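Enquirer: I am attaching a structure below and will ask some questions about it afterwards.
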Amino acid sequence: MGKDVKGRRDFIGMALGGFTALGGIGALYAMKRSWDPLPSVKAAGFTTVDLSAAEENVLSVEKWRGKPIFVLKKSADMKKDPRDVVVGSDHFHVSIGLCTHLGCIPAYKPTDHKFLCACHGGEFDASGHEIFGPPPSPLEIPPFKIDGTTLVLGEAGPEYKKMLDAGLTV
Amino acid sequence: MAKFEKANSIGEWLDQRLAIETLKKVMNTEYWIPKNINFLWAMGMVLAATFGILVVSGIFLLMYYKPDTALAFDSVNYTTMTEVGYGWLWRHIHGVGASLVFLVIYIHMFTGIYYGSYKRGRELIWLSGMGLFVAFSAEAFSGYMLPWGQMSYWAGMVITNLFSGGSLEAYGLVEWIRGDYVPADAFLTRFFMLHVFLLPLVIIGLIVLHFGTLRIPHVNNQDGEEFDYAEAAELYKAGKVKESKVIPFSPVFLSKDVFVMGVYFILFFYLVFYHFEFAMDPVNFDPADGLKTPAHIYPEWYFLWSYEILRPFSKDLGLVLFAISQVIFFMLPFLDRSPNVAPASRRGLFKYWFWILLIDVIVLTFMGKLPPTDALFANIGLVAAVLFFVLWIALPFITKSEKKL
């Protein structure tokens, strides 16, 4: 094969390779986007919780983004904490009800004011701090916004941002 | 136009157009297998046959399966199990097959480790085989999601959570993998796609590669003996079958394979018909519920050893060690510094290394099943997990000091 012939064939090959690479990058982006959560899934990511009906020391479990959310109105004998959600004069513990160890759902013991995880024996106090066992960090606080006596989960209000900046949750 | 003679038989007609005689020679009658082997050399074909059975049973399960979080559980547990004629048969074959395929993979792997069948030209056999192990693991995990029971959901939750990388807190990546904040519809449909299409395609491709990598170095033998295959093949073809060190793959070696398969399938179908329950976790017969965790979460038996490596350590260290344990077996041909291809029994310290590794993996498997609340078992698990890494760190040193045979 002549030198000239080879050079022309190489050009065709390189042109094809170049466009294929370009198209491949585009396709990879499209593939990545196809795996993203759908807009409808994202839009359903907000839940409102009415706090006015809450009773002291009774855990209510809400559902937000498919995860259980602990809402616990603190009674007077329970310790206040910078992680509390304060509405008027009431203090609430609000957290994602999944153990920070491997994601099981801890149960609330009202007499001890403690959360106990059955999976690996982890314990949290009524403010969500880990006090025993393998959990590496406190129960996470979901992004929230206080709107009167309702709590909007999924939206980051100023109180939540303050906790985040203070490193009280992740 | 090429010139074609009139064919005298269907075979000849096909041979003219497809060269099937040549193909038969290359793949069967002149693909040489050493004589000096034992029943453990049949595990490859046992695996191929099990994979075939998984494909066939899977096709029939697919006919009534509905990849939708609202419908999946009933489509399996009600429609397939109670309404479809012999639907229970396909499901029990598929469940038992998925479990046994790992048993045979582990036997196949440890046979390779024992006889040194991963080095001196056989590295790619090992690497493609490990690729198959990973692909089968992904296939097993994605399939486990499909009945959408409690174990499906919570296994999906815990395993996808691993991708948050502990303190890296890469929850964006986890949500991207799931297509939702928790395992939900998008998660089920994409794992369905992986299980019934993409991963089987990858597995089939890797099986072809795995067979291809065997071709040039040939299958190892019981003594790791090197010999001239061309010379041995000539002897065989000249009728000196007794003097030759080789036999053709088909029909001679295959008939031995078929015998081992016969024994294996007696066990297989005994389990399918009388003890299928070992592959059917009772917890998974409760429908998935994101607001209720089962009391004790554990994976299927074939993942227990690596699960146990995750457990005894702090979250970050556990994740790092778990990740290493998943890929360390790939490194075997490069961490073994000895020039010897021989059974472990003749390789000095490596003999002990092999048996300790095997026992350690079995101990990890048992500890992984037990609840972690018992201090004694938790400590045994910790020691076994640490020993696993000590063994891999020691491997280059003990093989380096090995005497050349």
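Enquirer: Looking at segment B:117-126, is at least one residue of a type in the set (Asp, Glu) and either farther than 24 Å from residue B:355 by Cβ or crowded, with 19+ Cβ neighbours inside 10 Å (or both)?
Expert: Within segment B:117-126, none of the residues are of a type in the set (Asp, Glu) and either farther than 24 Å from residue B:355 by Cβ or crowded, with 19+ Cβ neighbours inside 10 Å (or both).
Enquirer: Check B:187, B:191, B:197 and return the single one that is closer than 30 Å to residue B:43 by Cα, surrounded by 19 or more Cβ atoms within 10 Å (Cβ to Cβ) and in the same structural domain as residue B:129 (by TED's automatic domain parsing).
Expert: B:191
Enquirer: Does residue B:209 fit the bill of being in contact with a Ser or Thr (Cβ under 7 Å, 6 or more places away or on another chain), closer than 17 Å to residue B:27 by Cα, of a type in the set (A, V, I, L, M, F, W, C) and touching a residue at least 24 places away in the same chain (Cβ under 8 Å)?
Expert: yes
Enquirer: Another question, if that's okay. Of A:85, A:94, A:71, which residue is surrounded by 14 or more Cβ atoms within 10 Å (Cβ to Cβ), within 27 Å of residue A:164 (Cβ to Cβ) and in contact with a helix residue (DSSP H, G or I) (Cβ under 9 Å, 6 or more places away or on another chain)?
Expert: Every option except A:85 fails the conditions.
Enquirer: Please pick out the residue among A:118, A:156, A:107 that is small (Gly, Ala, Ser), under 29 Å from residue B:150 (Cβ atoms) and surrounded by fewer than 15 Cβ atoms within 10 Å (Cβ to Cβ).
Expert: Within the list A:118, A:156, A:107, the selection yields A:107.
Enquirer: For segment B:103-125, what are the residues that are under 14 Å from residue B:212 (Cβ atoms) and part of a helix (DSSP H, G or I)?
Expert: Those that are under 14 Å from residue B:212 (Cβ atoms) and part of a helix (DSSP H, G or I): B:123, B:124, B:125.
Enquirer: If residue B:152 satisfies all but one of (1) within 30 Å of residue A:140 (Cβ to Cβ); (2) at pLDDT 90 or above; (3) within 14 Å of chain A (Cβ to nearest Cβ), what's the number of the condition it fails?
Expert: For residue B:152, the exception is condition (3).
One line per residue, one yes/no per condition, for (1) over 23 Å from residue A:108 (Cα atoms); (2) among the β-branched types (Val, Ile, Thr); (3) modelled with pLDDT of 95 or more; (4) assigned by TED's automatic domain parsing to the domain that holds residue B:104:
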| position | (1), (2), (3), (4) |
| --- | --- |
| B:261 | yes, no, yes, yes |
| B:267 | yes, no, yes, yes |
| B:279 | yes, no, no, yes |
| B:289 | no, no, no, yes |
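Enquirer: Determine if segment B:155-170 includes at least one residue that is over 24 Å from residue B:290 (Cβ atoms), in contact with a helix residue (DSSP H, G or I) (Cβ under 8 Å, 6 or more places away or on another chain) and of a type in the set (Gly, Ala, Ser).
Expert: The answer is yes, given that some residue of segment B:155-170 is over 24 Å from residue B:290 (Cβ atoms), in contact with a helix residue (DSSP H, G or I) (Cβ under 8 Å, 6 or more places away or on another chain) and of a type in the set (Gly, Ala, Ser).
Enquirer: Can you confirm whether segment B:194-203 contains a residue that is within 14 Å of chain A (Cβ to nearest Cβ), in contact (Cβ under 8 Å) with a residue 12 or more places away in the chain, under 20 Å from the mean Cα position of the chain (by Cα) and more than 21 Å from residue A:97 (Cα to Cα)?
Expert: Yes, that holds for at least one residue.
Enquirer: Can you tell me which residue within segment A:114-170, out of those that are small (Gly, Ala, Ser) and within 14 Å of chain B (Cβ to nearest Cβ), is nearest to residue B:297 (Cα to Cα)?
Expert: Step by step, filter segment A:114-170, then rank; the result is A:118.
The values are calculated or read from the model by the stated rules, or taken from the named source; none is laboratory data. Worth saying up front: this structure is predicted, and the values here are computed from it rather than measured. Methodologically, a virtual Cβ is constructed for each residue, glycine included, from the backbone with ideal geometry; neighbour enumeration extends over all protein chains shown.
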